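Below you'll find the structure, written out as structure tokens, and then a few comments.
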Amino acid sequence: DTAVSQTPKYLVTQMGNDKSIKCEQNLGHDTMYWYKQDSKKFLKIMFSYNNKELIINETVPNRFSPKSPDKAHLNLHINSLELGDSAVYFCASEESGELFFGEGSRLTVL
Amino acid sequence: DAKTTQPPSMDCAEGRAANLPCNHSTISGNEYVYWYRQIHSQGPQYIIHGLKNNETNEMASLIITEDRKSSTLILPHATLRDTAVYYCIVRVVYGQNFVFGPGTRLSVLP
């Protein structure tokens with residue numbers, strides 16, 4: 001079983017649309033993250049949740065809204081998509097300082 | 001910003017040891033040194049971490065200088081599958097972000 005799974009793996013959409021990426025971890029971890037990796041390959045943290053509560057919210061536009069229905073899930077909803085949102089989005093969970101990443105969701109905005 | 005400095009790229013011959021350096025001259029006493037790697041476009045993978053003692057696991061060894069201002073990740077017998085971007089990160093165990101810098105792109109050559 002995949003420890004941290006993201007869906008969809010690929011997403012192609014038009015500017016202005018709203019889309020969601022789902023993340024689930026079956027490791028029982030309390031802390032989950034969303035990272036964004038752009039075309040230059042820099043990996044930047046977006047959000048951190050601990051036991052369904054938002055801990056870190058880096059400088060991310062309001063169009064991005066994380067939602068954690070329970071501690072095993074951290075979904076990312078994006079409104080009014082822009083060209084610059086094209087990137088690979090990684091979900092991760094953490095245990096004792098060790099991050100476990102999902103396989104990534106490649107978002108392409110046309 | 002990342003608190004570490006790494007060379008942008010390195011080559012290593014297959015079967016030889018790969019030694020990846022990292023400078024972290026501003027490291028605090030309670031900060032650990034973590035190493036992750038990202039193979040192609042997969043999610044980053046945890047390798048090893050340490051505080052001040054040298055550490056070894058099935059993947060690699062971590063050598064931390066006595067003053068803790070630098071460290072070296074050693075892959076004892078590099079294979080083609082070790083070609084990846086390697087990230088050195090300093091962080092306290094709990095509470096801080098994992099801040100990923102540009103890392104070192106290691107190319108293992110046949």
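Can you give me the number of residues within segment A:33-54 that are in a strand (DSSP E or B) and either crowded, with 16+ Cβ neighbours inside 10 Å or at the interface with another protein chain (Cβ under 8 Å from one of its Cβ atoms) (or both)? Selection size over segment A:33-54: 13. Counting only residues that are out of contact with any Cys (no Cβ under 6 Å at 6 or more places or on another chain) and in a strand (DSSP E or B), which one in segment A:14-32 is most open to solvent (accessible area, probe 1.4 Å)? Among them, the one singled out is A:Lys22. Taken together, the criteria exclude B:Pro21 from residues that are open to solvent by 40 Å² or more (accessible area, probe 1.4 Å), within 14 Å of chain A (Cβ to nearest Cβ) and modelled with pLDDT of 95 or more. Put simply, of B:Gly15, B:Gly29, B:Gly43 the only residue that is closer than 19 Å to B:Leu109 by Cβ and either part of a loop (DSSP other than H, G, I, E, B) or without any contact (Cβ under 8 Å) to a residue 40 or more places away in the chain (or both) is B:Gly15. Of all residues in segment B:72-108, those that are outside any loop (DSSP other than H, G, I, E, B), open to solvent by less than 40 Å² (accessible area, probe 1.4 Å), more than 24 Å from B:Lys52 (Cα to Cα) and more than 13 Å from every other protein chain (Cβ to nearest Cβ) total 4.
The values are calculated or read from the model by the stated rules, or taken from the named source; none is laboratory data. Note that this is a predicted model, so its numbers are computed, not measured. In this analysis, Cβ positions are derived from the backbone assuming ideal geometry, glycine residues included, and neighbour counts consider all displayed protein chains. Each accessible area value is taken on the protein alone, full model and side chains, heavy atoms only, with ligands, DNA and RNA left out. Shrake-Rupley method; radii C 1.70, N 1.55, O 1.52, S 1.80 Å.
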